[in-house]
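Chemist: Below: one structure in structure tokens.
Every number in this text was worked out from the coordinates using simple rules, so none of it is lab data. Fair warning: this is a prediction, and the values are worked out from it, not measured in the lab. Because the Cβ atoms are built from the backbone with ideal geometry, glycine has one as well, and the counts that use them run over all protein chains shown.
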Amino acid sequence: MNIRKPLIAGNWKMFKTCSEAVETAKLLVTRIADVTDVDVMIAPAFIALAQVADIAKGSNLSIGAQNIFWEKEGAFTGEISPQMLVSTGCRYVIIGHSERRQFFGDTNETVNKKINAAIQADLIPVLCVGESEQERESNETFSVLDKQLTKGLKGFGLEEPKKLIIAYEPVWAIGTGKTATDDQAQEVHHFLRTLLEKQFGDSFAKAVRILYGGSVKPNNISTLMAKSDIDGALVGGASLDAEIFSKIVHF
Ligand code: PEP
């Protein structure tokens with residue numbers, strides 16, 4: 001029996017003004033009102049977090065942020081603290097997305113600090129890991145993922161598996177229309193779960209949710225979800241439209 005409740009998460013990236021975010025969130029709340037067996041989260045841009053969280057209040061939609069800074073407050077122009085995120089009604093935070101690693105200098109070390117800060121603030125981190133096309137072709141997939149996961153989670157004595165989400169997002173599959181096959185994804189998810197078992201023990205590893213991300217669409221979600229170690233999806237492009245995202249949630 002799978003003890004892990006699926007989570008379908010949407011990453012809106014740098015899309016939608018406040019009014020567009022509000023409109024989509026309202027539609028989404030109505031479209032997923034019947035869903036009880038799947039957790040649903042969307043991560044709007046910072047500017048829309050509070051408004052979208054207000055819309056989601058009392059519904060089965062949870063809200064996440066797309067990034068975080070690790071200090072509580074201070075002279076850090078342009079950054080957002082964990083406490084600020086909590087004050088908007090946010091429950092989750094995406095950390096170490098490949099676009100942040102690629103364009104904004106996130107490293108395994110800063111990812112580690114961000115995860116620590118999120119946990120301290122009682123936010124649920126969604127740690128993103130994934131190999132590039134070149135790393136896959138040169139057979140470095142597993143060593144890259146090992147480093148990202150182990151360094152990202154270094155120093156934590158986590159006990160509650162519900163308070164951590166891992167997202168496997170092969171960089172070559174993000175926004176490209178190329179999806180990892182269900183077997184490729186399953187192989188990696190199993191590998192990640194084995195690493196988690198080494199660090200946090202068997203029962204933690206069995207209960208922690210590992211999402212797949214990379215061109216997930218209504219037509220490929222059910223095949224992915226049929227795999228034993230795939231516990232949900234982190235969805236980019238297809239989460240921007242409430243109708244399409246709701247189809248993924250109803251996989
Ligand atoms: C993402 O941004 O995390 C993502 C997986 O994007 P897409 O679904 O568009 O590939």
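Chemist: Fewest to most neighbouring Cβ within 10 Å: what's the order for Tyr212, Tyr92?
Modeler: By the 10 Å Cβ count, ascending: Tyr92, Tyr212.
Chemist: Tell me, what ³J(HN,Hα) does each residue in segment 108-121 have, in order and in whole Hz, if you take phi through Karplus 6.51 cos²θ - 1.76 cosθ + 1.60 with θ = phi - 60° and put x for Gly and Pro?
Modeler: 4, 6, 6, 4, 4, 5, 5, 5, 4, 5, 4, 4, 4, 8
Chemist: Note down the nm distance, to one decimal, between modelled labels 7 Å out along Cα→Cβ at Gln102 and at Lys178.
Modeler: With each label placed 7 Å out from Cα toward Cβ, I get 1.2 nm.
Chemist: Taking the Cα centre of the chain as the origin and placing charges on Cβ (Lys, Arg +1; Asp, Glu -1), which of Ile95, Ala121, Gly237 is farthest toward the positive end of the dipole?
Modeler: Positive-most Cα among the choices belongs to Ala121.
Chemist: Counting Lys and Arg as +1 and Asp and Glu as -1, each charge on the Cβ, what is the dipole of the chain about the Cα centre in debye, to the nearest 20?
Modeler: The dipole magnitude comes to about 340 debye.
Chemist: Please work out the ratio of the alpha-carbon Rg of segment 7-249 to 2.2 N^0.38 Å and round it to two decimals.
Modeler: 0.94
Chemist: Using a Gaussian network model of the chain with C-alpha springs under 10 Å, which one of Ala43, Ala65, Ala56 is most mobile by mean-square fluctuation?
Modeler: Ala56
Chemist: Which trypsin sites (Lys or Arg not before Pro) in segment 129-218 pass both tests, a DSSP loop state and at most 16 other beta-carbon atoms within 10 Å?
Modeler: Qualifying residues, ordered by number: Lys154, Lys178.
Chemist: Which whole-number percent gives the relative contact order of segment 7-249, counting Cα pairs below 8 Å spaced six or more residues apart?
Modeler: Relative contact order for segment 7-249 comes out at 20 percent.
Chemist: Share of antiparallel DSSP beta bridges in the chain, in percent to the nearest 5?
Modeler: Numbers: 0 of 28 bridges.
Approximately 0 percent, going by the DSSP bridge assignments.
Chemist: Please list 3J(HN,Hα) in residue order for segment 51-61, calculated via the Karplus relation 6.51 cos²θ - 1.76 cosθ + 1.60 where θ = phi - 60°; whole Hz, with x for glycine and proline.
Modeler: 5, 5, 5, 4, 5, 7, 3, x, 9, 8, 9
Chemist: If we count every other residue with Cβ under 13 angstrom of Met84's Cβ, Lys/Arg +1 and Asp/Glu -1, where does the sum land?
Modeler: My count for the surroundings of Met84 gives -2.
Chemist: Here is a further query. Could you line up Phe204, Phe245 from fewest to most neighbouring Cβ atoms inside 10 Å?
Modeler: Ranking Phe204, Phe245 by Cβ neighbours within 10 Å, fewest first, gives Phe204, Phe245.
Chemist: Could you pull out the GluC sites (Glu not before Pro) across segment 148-206 that fall in loop regions by DSSP (anything but H, G, I, E, B) with no more than 14 other Cβ atoms inside 10 Å? Intermediate values should be presented prior to the final figure.
Modeler: Values: sites: Glu159, Glu187, Glu197; in loops: Glu159.
Qualifying residues, ordered by number: Glu159.
Chemist: With +1 on each Lys and Arg Cβ and -1 on each Asp and Glu Cβ, how big is the dipole of segment 76-162 about its Cα centre, in debye rounded to the nearest 20? Kindly include the intermediate steps, with their values, before the conclusion.
Modeler: On the way: 10 positive and 13 negative charges, 60 e Å.
Charge dipole, segment 76-162, about its Cα centre: 280 debye, nearest 20.
Chemist: Working out 0.36 nm times the residue gap between Met14 and Lys147, then minus their Cα-Cα distance, what length gain in nm do you get to one decimal? Could the numbers behind the result be given before it?
Modeler: Values: separation 133, 0.36 × 133 = 47.88 nm, distance 2.78 nm.
Once the chain is fully extended between Met14 and Lys147, it gains 45.1 nm.
Chemist: Okay, moving on. Pop out the ³J(HN,Hα) list for segment 209-223 in order, Karplus 6.51 cos²θ - 1.76 cosθ + 1.60 with θ = phi - 60°, rounded to Hz; leave Gly and Pro as x.
Modeler: 8, 10, 8, 9, x, x, 6, 6, 9, x, 7, 10, 5, 5, 5
Chemist: When we measure straight from the Cα of Lys16, which lysines land under 22 angstrom away, once same-chain ones fewer than 8 places off are left out?
Modeler: The reachable lysines, counting only those whose Cα sits under 22 Å from Lys16, are Lys26, Lys57, Lys217, Lys247.
Chemist: Which listed residue (Ile174, His250, Phe191) has the Cα farthest towards the positive end of the charge dipole for the chain, taking +1 on Lys and Arg C-beta and -1 on Asp and Glu C-beta about the Cα centre?
Modeler: His250
Chemist: Using the number of other C-beta atoms within 10 angstrom as an exposure proxy, rank Met41, Met14 with the fewest first.
Modeler: Fewest-to-most Cβ neighbours within 10 Å comes out as Met14, Met41.
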